[in-house]
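The structure follows.
The values are calculated or read from the model by the stated rules, or taken from the named source; none is laboratory data. The structure presented is a predicted model; accordingly, all values stated were derived computationally and were not measured. Every residue, glycine among them, receives a Cβ derived from its backbone with ideal geometry; neighbour counts consider all protein chains shown. Ligands, DNA and RNA are excluded from the accessible area calculation, which covers all protein heavy atoms including side chains. Shrake-Rupley method; radii C 1.70, N 1.55, O 1.52, S 1.80 Å.
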Amino acid sequence: SQQGEEDPQALSIQEGENATMNCSYKTSINNLQWYRQNSGRGLVHLILIRSNEREKHSGRLRVTLDTSKKSSSLLITASRAADTASYFCATAFSSNDYKLSFGAGTTVTVRA
Amino acid sequence: EAGVAQSPRYKIIEKRQSVAFWCNPISGHATLYWYQQILGQGPKLLIQFQNNGVVDDSQLPKDRFSAERLKGVDSTLKIQPAKLEDSAVYLCASSLVGQPGEKLFFGSGTQLSVL
């Protein structure tokens, strides 16, 4: 499939620690987005990184993109209990008319 | 700014029954999407509307699913008859202009259980 695949599937960390998750994809992209989904809720957009960008920051979030390796990473620094959620990468492929395709997500649990 | 509104939040039906979900996108958003999210998976696009018209319904099971967007605002997704494998969360999303790779705004979803 063309959509991004997140790794790991699940992550459990202590409050205050950093959380890192990765997204790999197979074909050229226009942009890559990260979304968060709290239990029983819809997805919330976190950050968008374009194919010509290498790194973006938003608050405690840092996203990197390596187009040569076809991968992206999302780093959450100084995690809080409220960061407990599933995180999805969504990729816009030229071969799919740039429609967003979502991966299966990484489930992050932050322990108090 | 009001978000994307969806109803109902939960629905339980028996197989072969019909069900309908409603979505009201963010005011002014031209593009509306319906996604199906099966437990443990990411959202899968079912249908995309640009104003009144359908842009993409390639993954919509048209023998049982139908959707419409009245006057380019609200939208309804219907399943008739429902199957067990339709149990999922149905998410509605909207975006401003429908530009490729644009940021999406999601509603809280309708959780459907088919027994």
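Can you pull the percent of chain B's accessible area that's carbon plus sulfur, 1.4 Å probe, other chains left in place?
51 percent
For chains B and A, what's the summed buried accessible area, probe 1.4 Å, to the nearest 100 square angstrom?
Buried area (both sides, nearest 100 Å²): 1400 Å².
State, to one decimal in nm, how far the label point of B:Q17 lies from the label point of B:L84, with both points 7 Å from Cα in the Cβ direction.
1.7 nm
Roughly how big is chain B's charge dipole about its Cα centre, with Cβ charges of +1 (Lys, Arg) and -1 (Asp, Glu), in debye to the nearest 20?
Once rounded to the nearest 20, the dipole reads 260 debye.
OK, next. Heavy atoms only, 1.4 Å probe, whole protein assembly: order B:F105, B:F65 by accessible area, highest first.
The ranking, largest first, comes out as B:F105, B:F65.
What accessible area, in Å² to the nearest ten, does a 1.4 Å probe give for A:E15?
About 90 Å², rounded to the nearest 10.
Which whole number gives the average count of other chain Cβ atoms within 10 Å of the Cβ atoms across peptide A:85-92?
2
Another one. Once the mean 1/r over all distinct Cα pairs of region B:5-114 is inverted, what Kirkwood radius in angstroms do you read off?
13.8 Å
What accessible surface, in Å², does a 1.4 Å probe find on B:Y10, ignoring ligands, DNA and RNA and rounding to the nearest 10?
For B:Y10, solvent-accessible area is about 140 Å².
Between B:D63 and A:K26, what's the calculated FRET efficiency when r is the beta-carbon distance and R0 is 30 Å? Round to 0.05.
Result of the calculation: an efficiency of 0.45.
Mind scanning B:K44/B:K78; A:K26/B:K78; A:K99/B:K44 and naming the pairs with a C-alpha gap bigger than 22 Å?
A:K26/B:K78
Between A:R60 and A:T109, what FRET efficiency follows from the Cβ-Cβ distance if R0 is 22 Å, with the result rounded to 0.05?
Working from the Cβ atoms, E equals 0.85.
Could you look at region A:5-111 and say what percent of its accessible area is carbon and sulfur, using a 1.4 Å probe and all protein chains?
The value for region A:5-111 is 43 percent carbon and sulfur by accessible area.
Send over the Kirkwood Rh of region A:5-111, from the inverse of the averaged 1/r over different Cα pairs, rounded to one decimal Å.
About 13.8 Å for region A:5-111.
Same structure, new question: Given a 1.4 Å probe and the protein chains all in place, what does the accessible area of B:V54 round to, in Å² to the nearest 10?
In the full protein context, B:V54 sits at about 80 Å².
Identify all aspartates and glutamates with a Cα-Cα distance to B:K83 below 18 Å; exclude those on the same chain that are fewer than 8 residues away in sequence.
B:E14, B:D63
In debye, nearest 20, what is the charge dipole magnitude of chain A about its Cα centre with +1 on Lys and Arg Cβ and -1 on Asp and Glu Cβ, if you could check?
Its charge dipole is roughly 180 debye.
Another question about this same structure. Projecting each Cα onto the charge dipole of chain A (Lys/Arg +1, Asp/Glu -1 at the beta carbon, about the Cα centre), which of A:S24, A:S51, A:N38 comes out farthest on the positive side?
A:S51
Using only atoms on other chains, find how many Cβ atoms lie within 10 Å of each Cβ of peptide B:93-102 and report the average.
The per-residue average across the peptide is 4.
Order B:L115, A:L61, B:L46 by their accessible area, 1.4 angstrom probe, all chains in place, largest first.
B:L115, A:L61, B:L46
Roughly how far apart, in whole Å, are the Cα centres of region A:27-100 and region B:4-56?
Centre-to-centre (Cα) distance: 22 Å.
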